[in-house]
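Accompanying notes for the structure given below.
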Amino acid sequence: MSFNRFGHLFRTTTWGESHGPAIGATIDGCPPGIPVSEVEIQSWLNKRKPGQNKYTTQRQEPDTVSIMSGVFEGFTTGTPIQLLIKNMDQRSKDYGEIIDKFRPGHADITYWQKYGIRDPRGGGRSSARETASRVAAGAIARLVLKALLPNLKINGYLVQIGEISIDRSNFDHAEIEKNPFWCPDVITSKKWGTYLDQIRKNGSSIGATIEIVASDVPAGLGAPIYGKLDSDLASAMMSINAVKGVEIGKGMAVATLTGEQNSDEIFMGDNGPEYKSNNSGGILGGISTGQDIITRFSVKPTSSILTPRDTISKKGESTSIITKGRHDPCVGIRAVPVGEAMMACIILDHFLLHRGQVGKDAHVIG
């Protein structure tokens, strides 16, 4: 398994298994002289960690991060940063009954078909546990962005669970961190609570859609043709466990628009070009426009459920399976900080690429 790294200049390698002794990330290409502390990284990991409410898995992991290298006296040195997160609450016995069975909807069967071996303890590398490593790397990226692009902001939130979507007329940024769903619509968050209570009691699960927005992104990030900002962003979001769809800007809905409706008309503002709309999601030709960068991704229902499912064994025999253990009724809830982390990593990577090729600022118009 050789594809555990992403990024061009700001490169992240994640490692470890769900039920191994630890997981973590190795970050290469981080600029030197950036203030970094375990406390700051921990604040982002705390947003993702399990067991925070009844709507997430009850696995109790503190996700305490340790900086093993690359930081000296509170500042990055420019050498590889090693981040370690110990696993503290593994219950591998929960998976003893499925060691010879493939869980429908899970990567068990494809890992076996490719490698001839799999880690049945929570899925090993295919587990959402791996995303803690990404959030740790994203925390480093945020700290670098804070130093290089202090006005840039990245915000994520849930926009849909099952068939229940938010009402954007009720959108309130202040509500996002006040409920367990990262929901910007207080009315919809209450509906989701009732809905997920029933899903959870039924031993089932449900999918969700997350939106991530980066604001105050400078124009000029990204490059044609194979270094597009949106292609790297889409790849990053699609690489998150359980993601099955990614959109940039208007996304799939552009198929319903005319050219007049879709074009983001341009006019000259006091501080440069401005746009009447943002159907492009802040990216044209793979290069950032200076508008908000908007992406959405959809997460499938958690594959591990208590409802009996038909499957086969490693011997090819027909059987059935019930997946016991501690699982998220809606894994999309904890995907919000993961999506934010991936956005931070990709934007920083492209900012460093842009700075290395053409300099810091976009060319002036007017």
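The values are calculated or read from the model by the stated rules, or taken from the named source; none is laboratory data. Quantities reported herein were computed from a predicted structural model and do not represent experimental measurements. Note that we place each Cβ from the backbone using ideal geometry, even for glycine, and neighbour counts take in every protein chain shown. For accessibility, only protein heavy atoms count, side chains too; no ligands or nucleic acids. Shrake-Rupley method; radii C 1.70, N 1.55, O 1.52, S 1.80 Å.
I want to confirm something. Restricting to the stretch 316-339 and keeping residues that are open to solvent by 30 Å² or more (accessible area, probe 1.4 Å) and among the hydroxyl-bearing types (Ser, Thr, Tyr), which single residue is nearest to the chain's Cα centre (by Cα)?
Here the residue is 320.
For (1) surrounded by fewer than 20 Cβ atoms within 10 Å (Cβ to Cβ); (2) at pLDDT 95 or above, each residue gets a yes or a no:
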{"residue": "31", "(1), (2)": "yes, yes"}
{"residue": "56", "(1), (2)": "no, no"}
{"residue": "88", "(1), (2)": "yes, no"}
{"residue": "100", "(1), (2)": "yes, no"}
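Would you check if residue 111 is modelled with pLDDT under 95, among the aromatic types (Phe, Trp, Tyr) and in contact with a Pro (Cβ under 6 Å, 6 or more places away or on another chain)?
no
Need pairs with beta-carbon distance below 6 Å; first residue free of Cβ contacts under 8 Å to residues at least 60 places away in the same chain and more than 23 Å from residue 360 (Cα to Cα) and within the stretch 285-314, second of a type in the set (A, V, I, L, M) and assigned to a loop (DSSP other than H, G, I, E, B); sequence gap 6+ or separate chains.
Cβ pairs passing all conditions: 308/322.
Run residue 280 past the list (1) under 23 Å from the mean Cα position of the chain (by Cα); (2) part of a strand (DSSP E or B) and report the number of the one that doesn't hold.
Condition (2) is where residue 280 drops out.
Could you tell me whether residue 204 is in contact with a Ser or Thr (Cβ under 9 Å, 6 or more places away or on another chain), modelled with pLDDT under 95 and among the hydroxyl-bearing types (Ser, Thr, Tyr)?
Yes: the conditions hold for residue 204.
Sort through 147, 141, 132, 136 and tell me the only one that's closer than 30 Å to residue 75 by Cα, part of a helix (DSSP H, G or I) and more than 21 Å from the chain's Cα centre (by Cα). Write out each step before concluding.
Values: 141 fails: more than 21 Å from the chain's Cα centre (by Cα); 132 fails: more than 21 Å from the chain's Cα centre (by Cα); 136 fails: more than 21 Å from the chain's Cα centre (by Cα).
The match here is 147.
Given 351, 297, which one is in contact with a Ser or Thr (Cβ under 9 Å, 6 or more places away or on another chain), open to solvent by less than 60 Å² (accessible area, probe 1.4 Å) and not in a loop (DSSP other than H, G, I, E, B)?
After applying the criteria, what remains is 297.
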